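Trainee: The structure that follows is given in the form of structure tokens.
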Amino acid sequence: MTTSDTATSPARHRVVIIGSGFGGLFAAQRLKKADVDVTLIARTTHHLFQPMLYQVATGIVSEGEIAPATRIILRDQRNSQVLLGDVFEIDVNAQTVTSRLLERVTVTPYDSLIIAAGADQSYFGHDEFAEYAPGMKTIDHALELRGRILGAFEQAELSDDPAEREKLLTFVVVGAGATGVEMAGQIAEMADRTLKGAFRHIDPTKARVILLDAAPAVLAPYGPKLSAKAQRRLEKLGVEIQLNAMVTNLDYDGLEVKDSDGTVRRIEAQCKVWSAGVQASSLGKVLAEQTGVELDRAGRVKVGPDLTVPDHPNVFVVGDMMAVDGVPGVAQGAIQGGRYAADAIKAELRGQTPDQRKPFSYFDKGSMATISRYAAVMQVPIPFTKKKFETEGYFAWLGWLMLHLVYLVGFRNRLNTFINWFFAFTTRGRTQLAVTEQQVYARTAMGALSELERREAEEIQEKMARAQRRQGA
């Protein structure tokens, strides 16, 4: 079934936004009072506050608190509408966007387009690893990981085999960036505090948490000083740091690691978390095929100074999909890019031409990463200098909490999150420890179903082709 969002005589400038992340949502909100019609198309019904996904995976907050419904957020913005669908085609000549929801295909025309489709987890050419080591990019990932982490403890409680217990109580986090550090620290705290004394046949505090990376340092972008302090804090929590270690293979029961000296060894671990890389949305390739725009190694679009595709001044690319020197793939980059694109569209409506646009300028507000309860690292640029203010510990942790509360959408979500934080950090309790079998296995089952459907479709096509060949003979 195909539907069209085409109007016979559009009364106002039509802005289509792809993606409901930071870039897409903030662009839509920036256009609230503009004389435009905004259509936001996303493959999920929610706006995800991705920096806090690891807290969903480790039972601190609920998914609803960091993923409010996009429709509800934009409910009072009368010039906007939200469409659910996975965009698979962009026609820059016809100026249309085509999306799919189940069997329904929708074609939406635009005058200006903002592409903020984000990024997916990258397995560096080994997509088969995803089955055994989920990433940390979606709510599904976080809920699946919560189930796998807690399920490992439950299985260990039932096991009488010491070797199997050791495998079940070994947790490996691949990637020592901010997400990996936060995840490893929280798994260690959950085992040492929340689950302590909750089992009768195992001691959760004896769980082994390993953080490994092919790089030579933890939190390398933060510099050697903060990197060393983060590593010491993790080691104090009991996390094993294994650097210069590259994952070469993954399976259900463990992984193979190649060290810098060429030695290949195996780690037996049922629960693995992948946070080692990102790959921009495949829509970047769609744009490259149509416009010839260059992509970087991660599939990000090399946009012009005004964040547009060369020779297409009405097509903006923001967030994790844009490749701009000096702009990291963080929330602030997406927020500022989305707002810039919205402001450029409003300026054009006032008569400004594309060649009059001021280049996008990124304001670096600094970087933060939590390590554990009461511990974080913070790096903030000092205005008008090339120096950065660096700190770690309790005050950096408080800064992280306050900043993330500010950017959560909705007062109720902020309040609920604050309450959950208060009990999680002042007591051993975590309120979000419920898991279901579907959360753990649904993604794998859906993947198997999709593969079965693909094979059936290929068989039907082959039968039809044979029948046509017989008729021709």
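The values are calculated or read from the model by the stated rules, or taken from the named source; none is laboratory data. Quick caveat: nothing in here was measured; it's all calculated off a predicted structure. So basically every Cβ, Gly included, is an ideal-geometry build from the backbone, and we count neighbours across all protein chains shown. Remember, those area values only see protein heavy atoms, side chains included, never the ligands or the DNA or RNA. Shrake-Rupley method; radii C 1.70, N 1.55, O 1.52, S 1.80 Å.
Trainee: Taking loop as defined by DSSP and a crowding limit of 16 other beta carbons within 10 Å, which trypsin sites (Lys or Arg not before Pro) in region 68-152 fit?
Mentor: Of the trypsin sites (Lys or Arg not before Pro), the ones in loops of region 68-152 whose Cβ has at most 16 other Cβ atoms within 10 Å are R75, R78.
Trainee: Round to the nearest 10 and report in Å² the accessible area of E453, as given by a 1.4 Å probe over the protein chains' heavy atoms.
Mentor: Probe radius 1.4 Å; accessible area of E453 about 100 Å².
Trainee: What is the magnitude of the charge dipole of the chain about its Cα centre, with +1 placed on the Cβ of each Lys and Arg, -1 on the Cβ of each Asp and Glu, and no other charges, expressed in debye to the nearest 20?
Mentor: My answer is approximately 1560 debye.
Trainee: Related question: Can you give the Kirkwood hydrodynamic radius for region 144-244, in Å, rounded to one decimal and based on Cα pairs?
Mentor: 14.1 Å
Trainee: Trypsin sites (Lys or Arg not before Pro), restricted to region 160-220: which are DSSP loop and have at most 16 other Cβ atoms within 10 Å?
Mentor: K196, R200
Trainee: Any idea of the accessible area per residue across region 391-446, 1.4 Å probe, to the nearest Å²?
Mentor: Averaged over the residues of region 391-446, the accessible area is 64 Å².
Trainee: Percentage of Cα-Cα pair distances in region 1-137 greater than 17 Å, rounded to whole percent?
Mentor: Above the 17 Å cut-off, region 1-137 has 64 percent of its Cα pairs.
Trainee: Ignoring any ligand, DNA or RNA, what whole percent of the accessible area of the chain comes from carbon and sulfur when the probe is 1.4 angstrom?
Mentor: Solvent-exposed carbon and sulfur of the chain make up 53 percent of the total.
Trainee: Looking at the square roots a ≥ b ≥ c of the eigenvalues of the Cα gyration tensor of region 335-473, which shape do they give, rounded for a/c under 1.5, prolate if a/b is larger than b/c, or oblate?
Mentor: oblate
Trainee: If you count only protein heavy atoms and use a 1.4 Å probe, how large is the accessible surface of H201, to the nearest 10 Å²?
Mentor: 120 Å²
Trainee: What is the spin-label model distance, in nm, from K285 to A220 if the labels are put 7 Å beyond Cα along the C-beta direction?
Mentor: 2.6 nm
Trainee: Using r as the Cβ-Cβ distance of L415 and R470, and R0 as 51 Å, what FRET efficiency do you calculate, to the nearest 0.05?
Mentor: Computed FRET efficiency for L415 and R470: 0.15.
Trainee: Using Cα positions and a limit of under 27 Å, work out the lysines in reach of K229, with same-chain residues fewer than 8 apart set aside.
Mentor: K137, K196, K206, K258, K272, K365, K386, K387, K388
Trainee: Along the charge dipole of the chain, Cβ charges K/R +1 and D/E -1, which of L408, I149, A42 sits furthest on the positive end?
Mentor: Farthest along the dipole direction, towards plus: L408.
Trainee: Return the FRET efficiency for the residue pair D140, K388: r is the Cβ-Cβ distance, R0 is 35 Å, and the value is rounded to the nearest 0.05.
Mentor: About 0.45, to the nearest 0.05.
Trainee: Enter the accessible area per residue of region 13-54 (Å², integer; probe 1.4 Å; all protein chains in place).
Mentor: 32 Å²
Trainee: Based on DSSP, what percent of beta bridges with both residues in the chain are antiparallel, to the nearest 5?
Mentor: Here the antiparallel bridges make up roughly 55 percent for the chain.
Trainee: If you keep only loop residues by DSSP, which GluC sites (Glu not before Pro) in region 9-114 have at most 11 other Cβ atoms within 10 Å of their Cβ?
Mentor: E103
Trainee: Using a 1.4 Å probe, how large is the accessible area of S260, given in Å² and rounded to the nearest 10?
Mentor: Its heavy atoms expose roughly 100 Å² to the probe.
Trainee: Show me 456-466, 292-302, 327-337 ranked by packing, highest mean number of other Cβ atoms within 10 Å first.
Mentor: 327-337, 292-302, 456-466
Trainee: Follow-up question, since we're still on this one. For the chain, the longest stretch holding no chymotrypsin sites (Phe, Trp or Tyr not before Pro) located in a DSSP loop with at most 10 other Cβ atoms within 10 Å is which?
Mentor: For chymotrypsin sites (Phe, Trp or Tyr not before Pro) (loop position, at most 10 other Cβ atoms within 10 Å), the longest site-free span of the chain is 1-251.
Trainee: Restricted to Cα positions, what overall size does the chain have along the principal axes? Three whole-Å values, descending.
Mentor: Extents along the principal axes, in whole Å: 77, 70, 46.
Trainee: Right, something else. Suppose all protein chains stay in the model; what accessible area per residue would a 1.4 Å probe give for region 172-219, in Å²?
Mentor: That works out to 33 Å² per residue.
Trainee: Excluding S20 itself, what net charge comes from residues whose Cβ is under 12 Å from its Cβ, given Lys and Arg +1 and Asp and Glu -1?
Mentor: Summing Lys and Arg as +1 and Asp and Glu as -1 gives +2.
Trainee: With 5 Å bins from zero, work out the P(r) of region 195-319 over every alpha carbon pair and list the percent per bin.
Mentor: Bins of 5 Å from zero give 2, 9, 13, 13, 12, 12, 11, 11, 8, 5, 3, 1, 1, 0 percent of pairs.
Trainee: Order D306, D35, D251, most accessible first, counting only protein heavy atoms with a 1.4 angstrom probe.
Mentor: Output order, biggest surface exposure first: D35, D251, D306.
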